[in-house]
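Submitted below is the structure of interest, expressed as structure tokens.
The values are calculated or read from the model by the stated rules, or taken from the named source; none is laboratory data. Please read all numbers here as calculations on a predicted model, not as lab measurements. A quick note on method: Cβ atoms are made from the backbone with ideal geometry, for glycine too, and the neighbour counts reach across all protein chains shown. Calculation scope for accessible area: heavy atoms of the full protein, side chains included, ligands and nucleic acids excluded. Shrake-Rupley method; radii C 1.70, N 1.55, O 1.52, S 1.80 Å.
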Amino acid sequence: MSKYHQLWQYIKDNKNGDFELSFDEIEKAAGLPIDHSFLRYKKELLDYGFEVKKISLKNKTVKFHQL
């Protein structure tokens, strides 16, 4: 199971359309701190019907898009 499975499941169960989460919200939903591995794991989100559209390091947010 993926280290981000809990986050992907949260997104699938609670979100519709395009939305944005802060790094803090992501860490809370994932149950672990966000790190560079997020960049490798983000492709798994496609299996849950979403994709990562934009990561803003300045604003500490991630934009998601429902497929």
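When the Karplus curve 6.51 cos²θ - 1.76 cosθ + 1.60 is applied with θ = phi - 60°, which whole-Hz ³J(HN,Hα) does each residue of segment 2-19 get, with x for Gly and Pro?
Calculated HN-Hα couplings, in order: 5, 5, 9, 3, 4, 5, 4, 5, 4, 4, 4, 7, 10, 10, 9, x, 8, 7 Hz.
OK, next. What trypsin sites (Lys or Arg not before Pro) in the chain are in a loop by DSSP, with at most 10 other Cβ atoms within 10 Å of the Cβ?
Filter output for the chain: K58.
Which lysines have a Cα lying under 21 Å from the Cα of K43, excluding residues fewer than 8 positions away in the same chain?
Straight-distance partners of K43: K3, K12, K15, K28, K53, K54, K60, K63.
While we're here: So what is the calculated 222 nm ellipticity per residue for the chain, using -39500 (n - 2.57) for each DSSP H run with n of 4 or more, over all residues, to the nearest 500 deg cm²/dmol? Walk me through the numbers on the way to the answer.
Working: 3 runs with 23 residues, N = 67.
Result for the chain, helices only: -9000 deg cm²/dmol.
Toward the positive end of the charge dipole of the chain, about the Cα centre and with charges on Cβ (Lys, Arg +1; Asp, Glu -1), which of H36, Q6, Y48 goes farthest?
H36
Under 8 Å for C-alpha pairs, at least 6 residues apart: give me the relative contact order for the chain, rounded to a whole percent. Mind showing how you got there, number by number?
Working: 77 pairs, mean separation 25.2, N = 67.
RCO, the chain: 38 percent.
Here's another thing I want to ask about it. With the full set of protein chains in place, find how many percent of the accessible area of the chain is carbon and sulfur; take the probe as 1.4 Å.
Summing carbon and sulfur atoms, their accessible area is 48 percent of the total for the chain.
Ignoring ligands, DNA and RNA, what accessible area per residue does the chain give at 1.4 Å, in Å²?
With all protein chains present, the chain gives 68 Å² per residue.
What shape does the chain take by its C-alpha gyration tensor, where a ≥ b ≥ c are the square roots of the eigenvalues and a/c under 1.5 counts as rounded, a/b above b/c as prolate, and the rest as oblate? Before the final figure, lay out each step's value.
Details: a/c = 1.36, a/b = 1.08, b/c = 1.25.
Verdict is rounded for the chain.
OK, next. I'd like the Karplus ³J(HN,Hα) series for segment 30-36: coefficients 6.51, -1.76, 1.60, θ = phi - 60°, whole numbers in Hz, and an x wherever there's a Gly or Pro.
Result, rounded to whole Hz: 7, x, 7, x, 7, 9, 4.
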